Structure formats: structure tokens, C-alpha cells
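The values are calculated or read from the model by the stated rules, or taken from the named source; none is laboratory data. Since this is a predicted model, take the numbers as computed values, not measurements. Neighbour counts are summed over all protein chains in view; Cβ atoms, including those assigned to glycine, are modelled from backbone coordinates with ideal geometry. For the accessible areas, the whole protein counts, side chains as well, though only heavy atoms, and no ligand, DNA or RNA atoms are used. Shrake-Rupley method; radii C 1.70, N 1.55, O 1.52, S 1.80 Å.
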Amino acid sequence: MGYTELILKSPNYTESLKLIASKVLNKQRITAEEAIELYYHADLPFLSILADFVRQSINGKYAFYNRNVHIEPTNICVYDCKFCSYSHHQSKESWELTISEMVETVRNLGDEITEVHIVGAVHPGRDIHYYAELIRKVRETRPEIHIKAFTAIEIEYMVKKAGLSLDEGYAILKEAGLNSLPGGGAEIFDEKVREVICGKKSTSEAWLEVHEVAHRNGIPTNCTILYGHVEKYEHRVDHLLRLRNLQDKTSGFNAFIPLKFKSKNNELSWVGEVSVLEDLRNYAVSRIFLDNIPHLKAYWPMIGKQMAALSLSFGVDDLDGTINDSTKIYSMAGADDQNPALGSEELKQLIRDAGMIPVERDSLYNWIESDVDSNP
Ligand code: V47
Ligand code: SF4
């Protein structure tokens, strides 16, 4: 008996769960209500089978990784999100790197690094011209490297500060050498929950607009959700639905990255953290619901290496990444991996142990190297 029959003939599942399963297995889209039902009522084996079906339909047995480095320009922030352990409000220590310091970091990177990921706090004194200068200098130093930089929150602020429109801002950043945007700052779109956890930050509507205009300007982006704090399943599904709708319109998202709330050293510490079972449930429902976003990424410095390996059986096809130890956003919030560096051999073995085929990718998911010959 195949896995699918195991679900459809099993006495363990309700008729409505079986209906959802047959929709997924027939490659039909599920509704928001059905996603909510999966969150509340489906068990992990059920979710794993369906998420793996979707994953394999899109990405086969391949699991991707890339060689990147994170640079965090500053922790001085105009906002004071309650879940944040990183900004100067919480850490009580302010720091800002100069452009020369950041360029020096890039200069010293090994040739194998193909991407630089630049994300930091929203500094009150830095506008788009400052950041365009940073990107320009990075580009001069490493002409071939992919520059993925600035969350929608940083973009919105730097563009407004300079009195420009988003289109004008993107023209400047693209000319300087920006290639894509990461997915941070989305948090949770539901306006009431957003008010509780990060009331001063850019609105959900603004986040979505920054990404929509990026896509219209030919700049691909990622998207995220911050889950496991005070939100309910209904809020997660509302968030996924807004992303799915935008992707239907633009096709500009490359990857969705669920970010698990880490509770150390921030104003939401009292909430605690959800279990690893909840992480797997969340990956699987996201994979099943977001049928139009090609990649589901696990950010392993946050959940730990072993959990990242397990996530590959719950819809994940991409592990971020081979990163240096400069990522403070999570280590300060109590990430499982306090020293997030992983060599590519170790990462590849982790993927093989999970029964998948490792593929080193570039930032746009073109293949660089794999155990098998080439992208089929
Ligand atoms: O927006 C902050 C999150 C994000 C906490 O696009 C926290 O490839 C958990 O978006 N617990 C920034 N999460 C990082 C980000 C990211 C990371 C990796 C890859 C990509 C990509 C994007 O970090 C913030 C916020 O949602 N965050 N504090 C915390 N205590
Ligand atoms: Fe600032 Fe980002 Fe922290 Fe919010 S999450 S306080 S925007 S650094």
C-alpha cells in the first residue's frame, strides 16, 4: 500500500481530513479553512506525507544549500519590537559598523562564498544614499557576488527618509548592485497581533507593498513569518494567505522561511517557546498551503542542525546556509546554535542522512554542485 492509500483508507482520519488529503494529492489548492483544520487536527505523520508529496512535486529529492555570509551593519534601531533581543533597546549596547569595516569583511571572504546577506536594525541617521554607497563598494570589491540586502522595513525607512518613492529607491539600489531582498520584517500580518508584538513597525500593507514593487522592478525576494509567540493558527493562515495572494500576482518570491520565536532576552520572554513538534507542523502546513512559492527554507542556526535535518521530511527543501558566526539576531535571542558555522561537507552529509540529495545552489537556485550530474 502506498503512502497515499495509507491516508485515504485509514480509519484514523476524519472524512474532512481525507478530503483535504485527496485535494493535495491531486495537486489542487487548499483553502484557508482547510489549512486551519490541518493545524488543529492533523497528526504529524499525515502532515509529513502531504508536505513531502508537495515538496517532491516541486523539488524532487533535492535539498539545497548555499555558501553565504551575514553582515549586520548596526543594532541601533528606531523601532522597539517586543520580540527583539538584538536592538540597542534590549541589549543596552549600541554598535554600528562603518562602510570600510563591512567592505573589509567582504574583501576577506573566500572565493567559495557566493552570497552576502546584509540585514540590520533601522538606523535613524542612515538613508538610501548611505546604503547605496555600501552596496556600491561591496560590488566593486566582489563584482560577481550576489548581494541580498535589507528587509522591507529597512527599505521603507531609507526610501522615505530620502523623500523618494519605492520605484526611485529601487532604481538607485539596483544601479549600485543590489540583487535581491531577504524576507525579514514580515513578522505576523494580522494587525491586532502585530500591534501587540511590534506596534511601531511598518504596517503589513507596507511590507507587502515593498515586496510587490520590488518584484515589479525585477528584484526577487524572500518572505518569512515569525511564529510561536502570541498568535493563533488563524493568524498564521491569514499571513500565509496574504503571501500566497501576492505570489499569484507577481511570482517574485523565491523562498518562504518560517522563523521560530526565540524567547531569551526580550520583552516577550514570558511567552516561552513552542515545541519542536510545533515547528514540524508549521513547516508542513506552510509547504502544503503555499503551493506557488518554490522553496521552503529552514534557517538552521535558529532551530539547530538536527531539527533542520528532520524538517526535510516536513516539506523543507533548502537549508540556510554555510554561514560565519556573525549572526547576532538569533544568538542574542537564545538560538539553538550559538556558533552557527557549518562546513559544506557537514551540511551535505546531514542532507544525505535525511535521505535527500544535496545541491549547492546560487542565490537564484541555479545548481552549482551536486552528487548527481546536473539539474534534470
Ligand atoms: O524580521 C528577530 C526575526 C528576522 C527574533 O530571506 C526573530 O534568506 C525569532 O528575516 N526570535 C530577520 N526570530 C532575519 C530574516 C532572515 C533570516 C534568514 C534568512 C533570510 C532570507 C531572512 O529575524 C526579523 C524577525 O522576524 N527575529 N528576533 C527572535 N527573538
Ligand atoms: Fe529593530 Fe528589527 Fe529589532 Fe524590530 S526586529 S527592533 S526593526 S532590529
query: Restricting attention to the stretch 61-83, does a residue exist that is in contact (Cβ under 8 Å) with a residue 40 or more places away in the chain and among the small types (Gly, Ala, Ser)?
result: yes
field: Of the criteria (1) within 11 Å of ligand 2 (Cβ to nearest atom); (2) in contact (Cβ under 8 Å) with a residue 60 or more places away in the chain, which one GLU154 fails
entry: (2)
task: Scan the stretch 56-72 and give yes if some residue there is touching a Lys or Arg at 6+ places or on another chain (Cβ under 8 Å) and either of a type in the set (Ser, Thr, Tyr) or open to solvent by 60 Å² or more (accessible area, probe 1.4 Å) (or both), otherwise no.
output: yes
query: In the stretch 162-182, is there at least one residue being acidic (Asp, Glu) and within 15 Å of ligand 2 (Cβ to nearest atom)?
result: no
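For the stretch 243-270, enumerate the residues that are open to solvent by 40 Å² or more (accessible area, probe 1.4 Å) and touching a residue at least 40 places away in the same chain (Cβ under 8 Å). Show your work before the answer.
Step one: of the stretch 243-270, the residues open to solvent by 40 Å² or more (accessible area, probe 1.4 Å) are 245, 248-251, 264-265, 267, 269-270.
Of everything in the stretch 243-270, those that are open to solvent by 40 Å² or more (accessible area, probe 1.4 Å) and touching a residue at least 40 places away in the same chain (Cβ under 8 Å) turn out to be ASP248, SER251, LYS264, ASN265, GLU267.
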field: The lone exception for ILE118 - which of (1) among the β-branched types (Val, Ile, Thr); (2) away from ligand 1 (no atom under 16 Å from the Cβ); (3) touching a strand residue (DSSP E or B) at 6+ places or on another chain (Cβ under 6 Å) it fails
entry: (2)
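Return yes when HIS117 is touching an Asp or Glu at 6+ places or on another chain (Cβ under 9 Å), open to solvent by 30 Å² or more (accessible area, probe 1.4 Å) and within 16 Å of ligand 2 (Cβ to nearest atom) and no when it is not.
Numbers: touching an Asp or Glu at 6+ places or on another chain (Cβ under 9 Å): yes; open to solvent by 30 Å² or more (accessible area, probe 1.4 Å): no; within 16 Å of ligand 2 (Cβ to nearest atom): yes.
It is false that HIS117 is touching an Asp or Glu at 6+ places or on another chain (Cβ under 9 Å), open to solvent by 30 Å² or more (accessible area, probe 1.4 Å) and within 16 Å of ligand 2 (Cβ to nearest atom).
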message: Can you tell me which of (1) farther than 21 Å from THR221 by Cβ; (2) at pLDDT 95 or above; (3) open to solvent by 10 Å² or more (accessible area, probe 1.4 Å) is the one CYS81 doesn't meet?
response: (1)
message: Under 9 Å between Cβ atoms, which residue pairs at least 6 apart in sequence (or on different chains) link something in the stretch 186-202 that is more than 22 Å from HIS123 (Cβ to Cβ) with a partner that is within 11 Å of ligand 1 (Cβ to nearest atom) and of a type in the set (Phe, Trp, Tyr)?
response: ILE188/TYR227; PHE189/TRP207
- line: Picked from the stretch 301-315 (must be of a type in the set (A, V, I, L, M, F, W, C) and at pLDDT 85 or above), the residue nearest to ALA51 (Cα to Cα) is PHE314
statement: Of the conditions (1) within 15 Å of ligand 1 (Cβ to nearest atom); (2) of a type in the set (A, V, I, L, M, F, W, C); (3) within 16 Å of ALA35 (Cα to Cα), the single one that PHE256 does not satisfy is (3)
- request: Give the residues of the stretch 164-185 that are assigned to a helix (DSSP H, G or I) and open to solvent by 10 Å² or more (accessible area, probe 1.4 Å), sorted by residue number.
  value: LEU166, ASP167, GLU168, ALA171, ILE172, LYS174, GLU175
Considering residues of the stretch 203-220 that are under 21 Å from ASP127 (Cβ atoms) and surrounded by fewer than 23 Cβ atoms within 10 Å (Cβ to Cβ) only, the residue farthest from ligand 2 (Cβ to nearest atom): ASN217
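Looking at this structure, is ILE288 touching a strand residue (DSSP E or B) at 6+ places or on another chain (Cβ under 8 Å), buried (at least 20 other Cβ atoms within 10 Å of the Cβ) and among the β-branched types (Val, Ile, Thr)? I'd like the intermediate steps shown before the answer.
Details: touching a strand residue (DSSP E or B) at 6+ places or on another chain (Cβ under 8 Å): no; buried (at least 20 other Cβ atoms within 10 Å of the Cβ): yes; among the β-branched types (Val, Ile, Thr): yes.
When the stated conditions are applied, ILE288 does not pass them.
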task: Go through (1) closer than 22 Å to TRP95 by Cβ; (2) open to solvent by 50 Å² or more (accessible area, probe 1.4 Å) one by one and return the number of the condition TYR131 breaks.
output: (2)
Residues being free of Cβ contacts under 8 Å to residues at least 12 places away in the same chain and touching a Ser or Thr at 6+ places or on another chain (Cβ under 8 Å) - total across the stretch 89-129: 0
